[in-house]
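The values are calculated or read from the model by the stated rules, or taken from the named source; none is laboratory data. Fair warning: this is a prediction, and the values are worked out from it, not measured in the lab. Note that we place each Cβ from the backbone using ideal geometry, even for glycine, and neighbour counts take in every protein chain shown.
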Amino acid sequence: MGQHEQRGLSLPRHSLVGSSQRALLAKEKHAERLMQDEAVIGVGVGADPADPSEAVVVIYLEEGRPHGPIPAELDGVRTNVVRTDAFRAFGWNERNPHPCRVR
């Protein structure tokens, strides 16, 4: 266990750290192009739901919006599509964010 066959060779499974670096590079290289699709609301890096030891490029699509083709891989890194409602960062573009106060 912990190994897989590729081209007849027995190779150790890549660590999440190594695959995270590859996924981050793929995300940085392709995010701008992916974000040109109006249905794409975010691009990130996460664990593969099918194999949590592998990182994937996560592409967030706005639920219900038509979108262009989404690649299954970017530079050899799998993609994971997440359909979601529109979102924005907390406190982003707010003049007076209201902090929590504990009394």
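Take Ser19 and decide whether it is farther than 28 Å from Arg88 by Cα, touching a strand residue (DSSP E or B) at 6+ places or on another chain (Cβ under 6 Å) and either polar (S, T, N, Q) or modelled with pLDDT of 95 or more (or both).
On the way: farther than 28 Å from Arg88 by Cα: no; touching a strand residue (DSSP E or B) at 6+ places or on another chain (Cβ under 6 Å): yes; either polar (S, T, N, Q) or modelled with pLDDT of 95 or more (or both): yes.
So Ser19 fails the test.
For the stretch 46-83, the set of residues classified as assigned to a strand (DSSP E or B) and among the small types (Gly, Ala, Ser) consists of Gly46, Ala47, Ser53, Ala55, listed by residue number.
For the stretch 73-90, enumerate the residues that are closer than 16 Å to Ser19 by Cα and surrounded by fewer than 17 Cβ atoms within 10 Å (Cβ to Cβ). If you could, list the steps in order and put the result at the bottom.
Kept after step one, since they are closer than 16 Å to Ser19 by Cα, are these residues of the stretch 73-90: 73-80.
Matches in the stretch 73-90: Glu73, Asp75, Gly76.
When every residue of the stretch 46-65 is checked against the conditions, none turns out to be at pLDDT 95 or above, under 11 Å from the mean Cα position of the chain (by Cα) and exposed (fewer than 13 other Cβ atoms within 10 Å of the Cβ). The residues in the stretch 27-37 that are in contact with a strand residue (DSSP E or B) (Cβ under 8 Å, 6 or more places away or on another chain) and surrounded by fewer than 18 Cβ atoms within 10 Å (Cβ to Cβ) can be counted, and the count is 3.
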